[in-house]
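A short write-up of the structure that comes next.
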Ligand SMILES: Cc1ncc(COP(=O)(O)O)c(C=O)c1O
């Protein structure tokens with residue numbers, strides 16, 4: 001497996017970082033995950049914009065221009081033998097003597113790898129999946145795509161332990177998101193999602209779903225949903241770059257709606273697949289730097 005570390009492409013076994021890297025010591029870094037279909041990255045610009053924002057909020061220096069990021073990512077894609085990929089990249093604040101305060105004059109550490117993209121299998125798309133719920137006890141900057149994911153990992157483990165697919169989170173009695181995805185609900189044909197605040201990650205897939213809903217004339221509202229409304233919803237979906245759009249048909253052991261993926265989900269799933277096909281057919285890569 002060829003990975004990227006600090007400007008070099010090398011076999012994963014040769015990619016090493018210092019134990020003093022602040023990513024290792026403090027989880028002091030940010031990351032992105034971009035899905036690649038048939039070697040075409042999906043919404044790359046949007047992912048790069050979000051990376052720039054996360055870096056800015058965390059006050060970590062961005063070591064590359066947007067064009068350089070694109071060039072490295074395309075090269076990483078081309079170095080893999082498989083077509084559908086999940087490109088993971090992270091930037092940490094760099095290597096320094098352990099001290100909470102930010103070190104001066106350090107080089108950020110940049111690591112990128114590609115794995116085969118794993119989307120939900122057809123059976124999950126057709127039948128939906130189960131989720132459990134939990135209190136959202138993470139920090140209050142969930143809008144930063146931080147590599148410090150212990151909170152999300154602990155919450156995801158709650159669903160993993162009972163064989164469920166996701167953990168849906170409530171903070172102060174209101175829906176936020178899930179451990180690794182955004183959440184939409186449908187009530188009487190109206191799609192609803194929490195607004196983008198510091199309490200949720202601004203998902204790239206969330207934006208795609210919103211754009212597709214608008215273009216298709218589906219009713220859509222951004223609104224904080226009380227827990228009872230979520231439990232009484234006709235449909236619940238989770239969205240992420242790897243899950244795409246997936247129906248939750250059971251929450252905490254109780255059926256959601258009639259226990260099957262609903263009609264609005266099926267429509268959105270089709271719109272999403274059509275949109276992906278269009279992007280792949282267009283097959284465009286943004287211009288490489290000169
Ligand atoms: C906590 C959380 N929310 C939402 C998402 C969905 O984001 P995206 O659609 O950009 O993959 C993710 C994805 O990793 C996530 O970890």
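When the stretch 91-102 is filtered for residues that are part of a loop (DSSP other than H, G, I, E, B) and either at pLDDT below 95 or surrounded by 14 or more Cβ atoms within 10 Å (Cβ to Cβ) (or both), the ones remaining, listed by number, are 93, 94, 96, 102. Each residue in the stretch 183-207 was checked for being farther than 14 Å from residue 246 by Cα and either modelled with pLDDT under 95 or within 13 Å of the ligand (Cβ to nearest atom) (or both), and 12 of them qualify. Can you name the number of the only condition in (1) within 12 Å of the ligand (Cβ to nearest atom); (2) surrounded by fewer than 17 Cβ atoms within 10 Å (Cβ to Cβ) that residue 173 fails? For residue 173, the failing item is (1). You will find that of 49, 106, 34, 17, the residue that is assigned to a strand (DSSP E or B) and at pLDDT 95 or above is 34 and no other.
Listed conditions (1) in a strand (DSSP E or B); (2) away from the ligand (no atom under 14 Å from the Cβ); (3) under 19 Å from the mean Cα position of the chain (by Cα) are all met by residue 125, apart from (1). With respect to the conditions (1) within 16 Å of the ligand (Cβ to nearest atom); (2) surrounded by 13 or more Cβ atoms within 10 Å (Cβ to Cβ); (3) closer than 30 Å to residue 116 by Cα, residue 250 falls short on a single one, namely (1). Taking the listed residues 28, 84, the one that is touching a strand residue (DSSP E or B) at 6+ places or on another chain (Cβ under 7 Å) and within 23 Å of residue 143 (Cα to Cα) is 28, with no other qualifying.
Checking 275, 265 one by one, the residue that is modelled with pLDDT of 95 or more, part of a helix (DSSP H, G or I) and within 24 Å of residue 32 (Cβ to Cβ) is 275 and no other. Across the stretch 120-138, the number of residues qualifying as within 13 Å of residue 200 (Cβ to Cβ) and loosely packed, with under 12 Cβ neighbours inside 10 Å comes to 0.
The values are calculated or read from the model by the stated rules, or taken from the named source; none is laboratory data. What you see is a predicted model; the values in this text were computed from it and never measured. All Cβ positions, glycine included, derive from the backbone under ideal geometry; neighbour counts span all protein chains shown.
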